[in-house]
Amino acid sequence: MRKKFICGNWKMNKTTQEACQFASEIRGMEKKFEGVEVGICPPYTALQAVHGVLDGGSILLGAQDVAWAQDGAYTGEVSPLMLKEVGCTFALVGHSERRTLLDESDELINRKLLSALQFNMTPLLCVGESLDERERGMTERVVETQLRGCLAGTDAKALSRMVIAYEPVWAIGTGRNATPHEAQEVHAFVRRFLAGRFEAEASQDAQILYGGSVTPKNAAALLAQPDIDGALVGGASLDVRSFTDIIQAAREIAQAV
Ligand code: 13P
C-alpha cells in the first residue's frame with residue numbers, strides 16, 4: 001500500500017524567521033497528520049534553523065535542488081553532504097522552473113539524482129510537459145524522454161529510494177490544475193513506463209505525486225485517483241491553513257481505504 005505524501009515546495013519564499021514560525025505551527029499539529037507523509041522544502045538559507053524546529057518529529061525536510069558533486073569548485077552549488085548535515089532527507093531534482101529558467105538538461109538532472117542517491121538522500125524527480133507540448137499531443141513522449149534521461153544508470157532498488165512528481169508546466173502557478181482525469185492518465189503512463197524500465201513490483205510501490213495548482217479545493221479529487229500518491233504543492237504550501245487542509249484531504253482518503 002503506497003502512502004500519500006504531501007510535500008510543500010516553498011520556492012524562493014520565506015525568510016528564516018517566517019520559515020521557523022511556519023515549521024513550529026505545523027510541528028504542533030503532527031498528530032493530525034498520522035497516516036500521511038508530510039515534507040517541506042524551504043529555501044537553503046532556512047534549512048538549518050527549520051531542522052532545529054522539526055528535529056525529532058515526523059515532518060520531513062527537503063532541499064529544492066542538490067549539486068551533482070560532493071565538493072569542489074562549483075560556485076553557488078550545495079552538495080548532498082551539506083544538505084544532509086542540515087537535516088535534509090530528500091531533495092527535488094528537475095523542477096520545471098530550473099529546467100526552463102536555468103536550462104537544466106535531463107543529463108544534468110540525472111547526475112543530480114545519482115548524487116543524491118549516492119549520499120542516501122531521496123531524490124524527488126519532477127517531470128512534465130509544457131502547454132505547447134500538450135496541445136500538440138506530445139505529453140507522453142515528453143514525459144518518457146525526461147524519465148529515460150533522468151533515470152539513466154538506476155535500477156529497481158534505486159527506484160524504491162526515490163519519489164517522482166508529475167508537474168505539467170502549464171499547471172504550475174497558473175491556477176489551472178490538471179483535471180483528476182488528465183493527471184491520472186499521465187500517472188498511469190508513468191507507472192507503466194516504470195514497470196517496463198524496472199520491474200512491475202517496483203513500479204507498483206513507486207510514489208508518484210502530482211504538482212501544479214493544488215489547493216484545498218481540488219486536492220481531494222486529485223488524491224482520490226488510483227495512481228496519484230500525493231501532491232507537490234507550491235503556492236498553497238506557503239500558508240499553514242491551506243497546506244494543512246491539503247494534508248487533511250490526503251488523510252481522509254488514506255483512512256477511507
Ligand atoms: P503551484 O502549486 O504554485 O502551482 O506550484 C507547483 C510546483 O511547482 C511545486 O513544485
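Restricting 128, 137 to those that are under 30 Å from residue 217 (Cβ atoms) and open to solvent by less than 60 Å² (accessible area, probe 1.4 Å) reduces the list to 128. Note on segment 83-136: enclosed helices (runs of 4 or more DSSP H) holding 2 or more residues that are within 12 Å of the ligand (Cβ to nearest atom) are 96-101.
Looking at segment 66-80, which of its residues are over 17 Å from the mean Cα position of the chain (by Cα), open to solvent by less than 50 Å² (accessible area, probe 1.4 Å) and small (Gly, Ala, Ser)? Answer for segment 66-80, where residues must be over 17 Å from the mean Cα position of the chain (by Cα), open to solvent by less than 50 Å² (accessible area, probe 1.4 Å) and small (Gly, Ala, Ser): 69, 79. Comparison of 101, 83, 108, 61 shows that the only residue that is among the hydrophobic types (A, V, I, L, M, F, W, C) and open to solvent by 60 Å² or more (accessible area, probe 1.4 Å) is 101. For first residues located in segment 118-138 and under 17 Å from residue 164 (Cα atoms) and of a type outside the set (D, E, K, R), partners that are open to solvent by 30 Å² or more (accessible area, probe 1.4 Å) and part of a helix (DSSP H, G or I) and lie 6+ apart or on another chain with Cβ distances below 7 Å form the pairs 121/84; 128/169. Checking each residue in segment 159-217 for being under 17 Å from residue 145 (Cβ atoms), within 16 Å of the ligand (Cβ to nearest atom) and of a type in the set (Gly, Ala, Ser) picks out only 165.
Checking 116, 158, 91, 165 one by one, the residue that is modelled with pLDDT of 95 or more, within 23 Å of residue 216 (Cβ to Cβ) and open to solvent by less than 20 Å² (accessible area, probe 1.4 Å) is 165 and no other. In segment 202-245, which residue that is of a type in the set (Ser, Thr, Tyr) and assigned to a loop (DSSP other than H, G, I, E, B) is most open to solvent (accessible area, probe 1.4 Å)? Here the answer is 215. Here residue 28 clears all of (1) farther than 27 Å from residue 212 by Cβ; (2) in contact with a Ser or Thr (Cβ under 9 Å, 6 or more places away or on another chain) except the condition numbered (2).
Given the criterion of a type in the set (A, V, I, L, M) and in contact (Cβ under 8 Å) with a residue 60 or more places away in the chain, identify the matching residue among 6, 109, 59.
6
Checking the stated criteria, residue 29 turns out not to satisfy the condition of being modelled with pLDDT under 95, surrounded by fewer than 21 Cβ atoms within 10 Å (Cβ to Cβ) and under 27 Å from residue 250 (Cα atoms).
The values are calculated or read from the model by the stated rules, or taken from the named source; none is laboratory data. Predicted model, so just to flag it, every value in this text is computed and none were measured. Cβ coordinates were reconstructed from backbone atoms using ideal geometry, including for glycine residues, and neighbour counts include every protein chain displayed. Side chains included, ligands, DNA and RNA excluded: accessible areas come from the protein's heavy atoms. Shrake-Rupley method; radii C 1.70, N 1.55, O 1.52, S 1.80 Å.
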